[in-house]
Amino acid sequence: MQNFVGFIQNINSKVNSIVWGPPMLILMLLTGLYLTCGTGFFQIRRFHHTIKNTIAAIFKDREVTKTKDEKAISQFQALATALAATVGTGNIVGVATAIASGGAGAVFWMWISALLGMMTSFSENVLGIYFRRKNEKGEWAGGPMYYIEKGLGQKWLAVVFSVFCLFASFGIGSVAQVNGISTALKGSFNIPGVVTGTVVCVLIAVIILGGLKRIVTVTEKFVPFMAAFYIIGALIIITVNFRRIGDAFGEIFSGAFSMRSVGGGVMGYGISRAMRFGVARGVFSNEAGLGSSVMVHSSSDAKEPVTQGMWGIFQVFFDTIVICTLTALVILTTGANLQSGLEGVNITIYAFESVLGKWGAYIVSVGIVMFAFSTILGWSVYGSRAAEYIGGKKLTAVYKIIFLAMTFLGSVSSVQLVWDLSDTFNGLMALPNLIGVLLLSGTVFKITKNYEQRVIGGKKIKPMLSYYDREK
């Protein structure tokens, strides 16, 4: 048995090095660049329009957060649930790991991956709304599997994506997250893992068994609180060390373009490492290109595909440009990255403790607990949608039971093999999704141009009918 596990680990390690290696990361960057050029740098040209019609609209008119279709969820609820899954431990641990492995310059390449990833996320959501359809409950259901099947006519590839998503949800969305919660609570408050597992399972069960409506009702209230809690803590650290902010940005930019070479290589070694870890952690954090968040964005009450696409732009912006940057500045202004013997979350804990003492460690621990808990909720939606696509309501019910069992298992055991496999499946989701996005990019360009001419330009032309409306 031990030999078999070792064999699986060896194969997974090789596959993982490809999935999260330079070829796939370069493909993601090039996809984002292609979509950026194809839409005329929409995320830059229309950034003010995007903010005005997404997050800013909430404060001007509360009606935008209310559902018009009884079975649909609001656009803000879709964003909150997507952020619940994307704003996770990667924003705390992942940033620290990227800086430790690739230097401060990795932060710059996280920004680049986010800038390009905004248009990948935008395009995914445009296609998600355009190709979505009603499920057995009368709810909107969409995601990569639907635009791969309906747009490309390749149902087998849609099923492959769904299978990858199912396996990823058990690890990335369940085992790994609850293990992070258990470890944090055990280390800071000495709470046994079995107690943590039981409480988390009961809470998750009460929420996810109530369906999508109950999940989004929780996330739209929990995510803003969670984000504010961490942002305030980070801003306190940065404010105390404000004299080091300029130096921190100097480290980021100089590290991003360090020309230290190894063995006469064409690309500087410093640039190579900074790019690799910055882009990898950026993609891992905001999930642009993986196609995961589309499954909840497609359930919104948005009539315009471009409107939901703009929420995708904001999602990546908030996750990486805001949250990840704050974590990076906390680490760099305190010099936590220069302390020997520290790695992962301990780098971030050191940074917070250097200013707030033991309370700093509590902030990081509570932040990890909240981020991980929200990720479990978000990924339960993704996994449920994948199960629904493959086997309908019956498989979805079975999936939820297995998901809860895996959640408890993660609290009492690290189950490293499950984590490693799910990390690979998470990355594998990108391949069929990127194929769908690239081959359907022409549709994205047409829908975007139509929107800009009608809504922004004021031209009296008809909107493009969605695939669902054309089928009716």
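I need a count of the residues in the stretch 5-49 that are on the phi > 0 side of the Ramachandran plot and aromatic (Phe, Trp, Tyr). Break it down into steps so the answer makes sense when it comes.
Narrowing the stretch 5-49 to residues on the phi > 0 side of the Ramachandran plot: 40-41.
Next, from what is left, pick out any that are aromatic (Phe, Trp, Tyr): 41.
Going through the stretch 5-49 one residue at a time, the tally reaches 1.
Restricting the stretch 117-163 to residues that are charged (D, E, K, R) and assigned to a helix (DSSP H, G or I), which is least open to solvent (accessible area, probe 1.4 Å)?
GLU124
Exactly one condition in (1) surrounded by 15 or more Cβ atoms within 10 Å (Cβ to Cβ); (2) modelled with pLDDT under 85; (3) part of a helix (DSSP H, G or I) is false for LYS393; which is it?
(1)
Would you call TRP359 without any contact (Cβ under 8 Å) to a residue 40 or more places away in the chain and of a type in the set (Phe, Trp, Tyr)?
Numbers: without any contact (Cβ under 8 Å) to a residue 40 or more places away in the chain: yes; of a type in the set (Phe, Trp, Tyr): yes.
Taking the combined requirement at face value, the residue satisfies it.
Based on this model, can you work out whether GLY94 counts as of a type outside the set (Val, Ile, Thr), within 17 Å of the chain's Cα centre (by Cα) and surrounded by fewer than 24 Cβ atoms within 10 Å (Cβ to Cβ)? Give the derivation first.
Working: of a type outside the set (Val, Ile, Thr): yes; within 17 Å of the chain's Cα centre (by Cα): yes; surrounded by fewer than 24 Cβ atoms within 10 Å (Cβ to Cβ): yes.
Yes: the conditions hold for GLY94.
So, in the stretch 440-472, of the ones that are modelled with pLDDT under 90, in a helix (DSSP H, G or I) and among the basic types (Lys, Arg), which residue ends up most open to solvent (accessible area, probe 1.4 Å)?
ARG470
Considering only residues that are among the aliphatic types (A, V, I, L, M) and under 16 Å from VAL296 (Cα atoms), look in the stretch 208-233 and name the one that is modelled with the lowest pLDDT.
Going through the stretch 208-233, the residues among the aliphatic types (A, V, I, L, M) turn out to be 208-209, 212, 215-216, 218, 223, 226-228, 231-232.
So of that shortlist, the ones also under 16 Å from VAL296 (Cα atoms) come out as 208, 212, 215-216, 218, 223.
Details: ILE208: 82, LEU212: 75, ILE215: 80, VAL216: 79, VAL218: 80, VAL223: 80.
The extreme case among them is LEU212.
Based on what the data block shows, is VAL294 in contact with an Asp or Glu (Cβ under 6 Å, 6 or more places away or on another chain), of a type outside the set (D, E, K, R) and either surrounded by fewer than 20 Cβ atoms within 10 Å (Cβ to Cβ) or under 26 Å from PHE164 (Cα atoms) (or both)?
Here the answer is yes, as VAL294 does meet what is asked.
What is the number of the single condition among (1) modelled with pLDDT of 70 or more; (2) surrounded by 15 or more Cβ atoms within 10 Å (Cβ to Cβ); (3) out of contact with any strand residue (DSSP E or B) (no Cβ under 9 Å at 6 or more places or on another chain) that SER74 does not meet?
Failed condition: (3).
Which residue is most open to solvent (accessible area, probe 1.4 Å), if the candidates are limited to the stretch 396-408 and must be farther than 11 Å from SER182 by Cα and of a type in the set (A, V, I, L, M, F, W, C)?
ILE401
The values are calculated or read from the model by the stated rules, or taken from the named source; none is laboratory data. Model, not experiment: these values are computed from the prediction. Here Cβ is always computed from backbone atoms with ideal geometry, including for glycine, and neighbour counts include all displayed protein chains. Only protein heavy atoms, including side chains, enter the accessible area calculation; ligands, DNA and RNA are left aside. Shrake-Rupley method; radii C 1.70, N 1.55, O 1.52, S 1.80 Å.
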